[in-house]
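Some notes on the structure that comes next.
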Amino acid sequence: MAPTPFDTFRDLDRWLTNGPVRTPASVGLPLDLYREGEHFVARIDLPGVDPSTIDVDVEERTLTIRAERPANTAKDIQWLAHERPSGTFARQLTLGYGLALDRISAEYADGVLTLTIPVAEEAKPRKIEVTHASPDHRVIEADQA
């Protein structure tokens, strides 16, 4: 089988016409991730998802988010456009060290899942007090009269 030749202009035209190729993760679970003070925040779009199907778990340093959007299975439907994905979606994030994995919180509102991941106390920057030791430190004793 001969390799398919690469045509920069044809491929660029196809990309500009159809848009970038989207992976299932970017289609089903797009997210924003940022740091705000002493915690990280992940906001994941999950419109149309039944909150009871959302599952968030952490194993080792891997955070996994799963959710399900049911498909419309009515028999009398004649689709004119069918762009909203349905089914089970999953997204995994590898978390760094220095996070308080036992204190992650999750909230789902208005189709957005918000995960708050605190920075662990031991990972927060702290000041170390420096004491000054004088090399000529002497004890002066008083004369007893």
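Here, each number is a calculation from the coordinates, and none is a lab measurement. For clarity, every value in this text was computed on a predicted model and none was experimentally measured. Methodologically, a virtual Cβ is constructed for each residue, glycine included, from the backbone with ideal geometry; neighbour enumeration extends over all protein chains shown.
Here's how it looks for residue 95: its modeled amide H is under 5 Å from those of 62, 63, which are all 5 or more places away or on a different chain.
For residue 40, nonlocal amide neighbours, meaning residues 5 or more places apart or on other chains whose placed amide H falls under 5 Å from its own, are 117, 119. Note on segment 25-123: the alpha carbon radius of gyration divided by the globular reference 2.2 N^0.38 Å gives 1.26. The modelled label-to-label distance for the pair residue 95/residue 110, using points 7 Å beyond Cα in the direction of Cβ, is 2.6 nm.
Extension gain, residue 88-residue 129: 0.36 nm per intervening residue step, less the Cα-Cα distance, totals 9.5 nm. Here the Karplus relation 6.51 cos²θ - 1.76 cosθ + 1.60, evaluated at θ = phi - 60°, turns the backbone of segment 102-110 into coupling constants of 7, 10, 5, 10, 9, 9, 10, 8, 6 Hz, with x for every Gly and Pro.
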